[in-house]
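Chemist: Before anything else, here's the structure in question.
The values are calculated or read from the model by the stated rules, or taken from the named source; none is laboratory data. What you see is a predicted model; the values in this text were computed from it and never measured. Backbone-built Cβ (ideal geometry, glycine too); neighbour counts: all protein chains shown.
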Amino acid sequence: MKKSWLSLLLLGCLIGLLAACGGGETTTNNDDSDTASQEGNGGDQEPIVLRLGHWLTEEAPQGKQYTNFANLVNEKTNGAVQVEVFPNSQLGNARDLLEGVISGTVDMTKADDAALASYVPEYGIYSLPFIFEDYEHLGNVLDSEITEEIDQKLLEETGLVSLGWSFGGFRYFITTEEVTGPDFNGLKIRAPESTVYIETIKLLNGNATPMPWGEVYTGLETGIISGLESAPSDLHLQKFYEETKYLLATNHIQASATTVINQDKWNSIPEEYQTIIKEAMREAIEIERTETEQANIDGVEAMVEEGLILNEVEDRQAFIDKVQPIWDSISNEIEGAQDIIEQIQAMK
């Protein structure tokens, strides 16, 4: 009996030991399973989807920027964050998209400095005609503390988070009638809905006609407008040369743009993914800046090959003198504007 009782005790201990070992193995397997479930697309969690709308073609340098950005974010987050890009005004025109991001109906969009000036007037300084010497000068300013401080004002005023600035390109005029100097003889010139652009055209004796980008080709076709101004790459991609005859190489204004995201949407994204999104945007911007310079050279050449007549600006100072009242107005109306202008000019 004693021996039997001892055998049963040893057997019970052995069973308990095996159960404990088995439980340990099960716990380890569960941990491995949990780790695996967190990899890739977040396991059981739904991916974070960001809807990004803009009005350019996918072939434009900034259009390519957003394709590159979306691919980089998807790759770097292993699909946990997915950017869906809607080009060609699929989600609305420029104003619709910007208002949509502010209200939260759209997550992200391209926002020109001119458009943002409606919310933070200091951005209007970036649209001043002839304020930037060249692309190097522009890049230095866009990456400076000057821009960071204005972006912070944008966040406080609108809840828009700026993710970084791309070039867009210095702008030419394209017209149905020939213009060679700072006098447009009353031609109806399409203008973005921006005070600086409108006043620039007026001071050059043009009839500034605000019009959404998506309506410009029809406007030329029907004669509602006789021309417009934009970066040569966009003028070419939109085939405006089909309804015009002349190019004027003014390089008068550049159209830099940031990418903005709704602040509430941004705050809902884990910090580790915020870091990745910023890194991806910076990579995409660096590519865009290089491609923009070349695309504008190529755009001019392509339109000349299509038959447009290119006129170079022989007297740049004559144009600068004509638009000087805009500089004076900005300096007087925006607090601190003159200081910002001087800082920008010192960075040439």
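Chemist: Any chance you could count how many residues in the range 60-75 are free of Cβ contacts under 8 Å to residues at least 60 places away in the same chain, more than 19 Å from PHE167 (Cβ to Cβ) and of a type outside the set (Gly, Ala, Ser)?
Modeler: Selection size over the range 60-75: 3.
Chemist: Further question on the same structure: If VAL85 passes every condition in (1) aliphatic (A, V, I, L, M); (2) over 28 Å from ILE198 (Cα atoms); (3) part of a helix (DSSP H, G or I) but one, which one does it miss?
Modeler: Every condition holds for VAL85 apart from (3).
Chemist: Output the residues belonging to the range 228-249 that are of a type outside the set (A, V, I, L, M, F, W, C) and touching a Phe, Trp or Tyr at 6+ places or on another chain (Cβ under 6 Å).
Modeler: Hits for the range 228-249 are GLU229, PRO232.
Chemist: Could I ask something else about it? Report yes if some residue within the range 248-264 is in a helix (DSSP H, G or I) and assigned by TED's automatic domain parsing to the domain that holds LEU308; otherwise report no.
Modeler: No: the range 248-264 contains no residue that is in a helix (DSSP H, G or I) and assigned by TED's automatic domain parsing to the domain that holds LEU308.
Chemist: Across the range 216-237, what is the number of residues that are closer than 18 Å to GLU293 by Cα and not in a helix (DSSP H, G or I)?
Modeler: Result for the range 216-237: 3.
Chemist: Restricting to the range 126-149, give me the number of residues that are touching a residue at least 24 places away in the same chain (Cβ under 8 Å), in contact with a helix residue (DSSP H, G or I) (Cβ under 7 Å, 6 or more places away or on another chain) and in a helix (DSSP H, G or I).
Modeler: So the answer is 6.
Chemist: Out of TYR126, TYR66, report the one residue that is under 25 Å from GLU199 (Cα atoms), of a type in the set (Phe, Trp, Tyr) and not assigned by TED's automatic domain parsing to the domain that holds TRP327.
Modeler: TYR126 is the lone residue from the list that is under 25 Å from GLU199 (Cα atoms), of a type in the set (Phe, Trp, Tyr) and not assigned by TED's automatic domain parsing to the domain that holds TRP327.
Chemist: Let me ask something else. Just one of (1) in contact (Cβ under 8 Å) with a residue 40 or more places away in the chain; (2) under 26 Å from GLU306 (Cα atoms); (3) in contact with an Asp or Glu (Cβ under 9 Å, 6 or more places away or on another chain) trips up GLU178, so point out which.
Modeler: (3)
Chemist: Can you give me the number of residues within the range 198-207 that are touching an Asp or Glu at 6+ places or on another chain (Cβ under 8 Å) and not polar (S, T, N, Q)?
Modeler: Summing the residues that are touching an Asp or Glu at 6+ places or on another chain (Cβ under 8 Å) and not polar (S, T, N, Q) in the range 198-207 gives 2.
Chemist: Based on this model, can you work out whether LEU163 counts as within 25 Å of GLN345 (Cβ to Cβ) and either assigned to a loop (DSSP other than H, G, I, E, B) or modelled with pLDDT of 95 or more (or both)?
Modeler: no
Chemist: In addition: For the range 182-194, does any single residue satisfy the condition of being of a type in the set (Asp, Glu), more than 25 Å from ILE340 (Cα to Cα) and surrounded by fewer than 17 Cβ atoms within 10 Å (Cβ to Cβ)?
Modeler: Yes, the range 182-194 contains at least one residue that is of a type in the set (Asp, Glu), more than 25 Å from ILE340 (Cα to Cα) and surrounded by fewer than 17 Cβ atoms within 10 Å (Cβ to Cβ).
Chemist: Just wondering, is there one or more residues in the range 200-215 that are within 25 Å of SER118 (Cα to Cα), of a type in the set (Lys, Arg), outside the structural domain of GLU177 (by TED's automatic domain parsing) and in a helix (DSSP H, G or I)?
Modeler: Scanning the range 200-215, I find no residue that is within 25 Å of SER118 (Cα to Cα), of a type in the set (Lys, Arg), outside the structural domain of GLU177 (by TED's automatic domain parsing) and in a helix (DSSP H, G or I), so the answer is no.
Chemist: Any idea which residue in the range 45-72 is farthest from ALA111 (Cα to Cα), counting only those that are surrounded by 19 or more Cβ atoms within 10 Å (Cβ to Cβ), at pLDDT 95 or above and among the aliphatic types (A, V, I, L, M)?
Modeler: ILE48
Chemist: Sticking with this one: Tell me, which residue of the range 119-154 that is polar (S, T, N, Q) and closer than 27 Å to SER268 by Cα is surrounded by the most Cβ atoms within 10 Å (Cβ to Cβ)?
Modeler: THR147
Chemist: Of the residues ILE285, ILE269, ILE344, only one is surrounded by 14 or more Cβ atoms within 10 Å (Cβ to Cβ) and assigned to a loop (DSSP other than H, G, I, E, B); which?
Modeler: ILE269
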